[in-house]
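The values are calculated or read from the model by the stated rules, or taken from the named source; none is laboratory data. Since we're looking at a predicted model, the values are computed, not measured. Using ideal geometry, Cβ is built from the backbone for each residue, glycine included, and neighbour counts are taken over all protein chains shown.
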Amino acid sequence: MAKKFSTIMVEADIERSLTRMALQIMEDNRGIKKLALIGIHTGGVFLADRLHRIIKEHEGVDVPVGYLDITLYRDDWSIVSQNPIVKKTAIPFSVEEYTLILVDDVLYTGRTIRAALDAIMDLGRPRAIQLAVLINRQCGRELPIQPNYSGLDVHENFTDHVHVILHEKGELDEVVLESD
């Protein structure tokens with residue numbers, strides 16, 4: 001059976017969603033002096049940078065941004081690959097006393113976020129951790145993890161796949177739903 005691909009977000013949709021999310025983050029975290037963004041490799045890194053830009057444009061504040069690799073914290077890394085590719089964690093600030101906005105492209109099972117929480121706790125104790133995702137898949141959650149901020153809630157089948165394609169990877173910005 002041929003796979004079906006449907007575009008569910010284009011560049012303007014992604015930018016509008018990120019702007020809305022950034023405004024919600026600023027509203028919920030008044031006094032953003034102790035606010036920081038942490039993008040999960042790989043898709044969350046680009047989105048954290050974009051949220052950073054939007055917050056800076058609106059507030060004139062340069063909130064800290066870090067990047068987190070969760071490869072070795074995953075509970076399935078040995079199943080996914082015998083030779084995991086470890087990326088760089090770069091958090092150039094102490095997480096202590098910060099409200100961290102953890103950023104990822106897609107929330108599905110919750111396992112990536114669980115791994116990210118474990119990795120952050122190894123770095124220190126933040127004041128709070130909030131979650132921002134571009135796509136919140138509504139079915140398939142395996143852990144009780146929900147986003148504070150989401151660009152789009154998607155109600156799809158378990159067998160569907162969501163592909164977030166960003167211009168930072170040399171492509172056009174879009175989100176594509178792949179169905180059987």
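List, please: which pairs have Cβ atoms under 8 Å, are six or more places apart or on different chains, and start with a residue in region 154-180 that is of a type in the set (Phe, Trp, Tyr) and end with one that is part of a loop (DSSP other than H, G, I, E, B)?
Final answer for the pair search is 158/139; 158/140.
Being within 17 Å of residue 99 (Cβ to Cβ) and part of a loop (DSSP other than H, G, I, E, B) is the filter here; which residues of region 30-48 pass it?
Hits for region 30-48 are 30, 31.
Could we say that residue 51 is in contact with a Lys or Arg (Cβ under 7 Å, 6 or more places away or on another chain), in a helix (DSSP H, G or I) and at pLDDT 95 or above here?
Judged against the criteria, residue 51 is not a match.
Considering each residue of region 3-29, count those that are surrounded by 12 or more Cβ atoms within 10 Å (Cβ to Cβ) and part of a helix (DSSP H, G or I), and give that number.
The qualifying residues number 16.
Go through 39, 31, 60 for me and flag whichever is touching a strand residue (DSSP E or B) at 6+ places or on another chain (Cβ under 9 Å) and either under 22 Å from residue 93 (Cβ atoms) or modelled with pLDDT of 95 or more (or both).
39
Checking residue 174 against (1) out of contact with any Ser or Thr (no Cβ under 6 Å at 6 or more places or on another chain); (2) of a type in the set (D, E, K, R); (3) surrounded by fewer than 20 Cβ atoms within 10 Å (Cβ to Cβ), which single condition isn't satisfied?
(1)
Looking at 38, 25, 8, which is the one that is under 13 Å from the mean Cα position of the chain (by Cα) and touching a residue at least 60 places away in the same chain (Cβ under 8 Å)?
38
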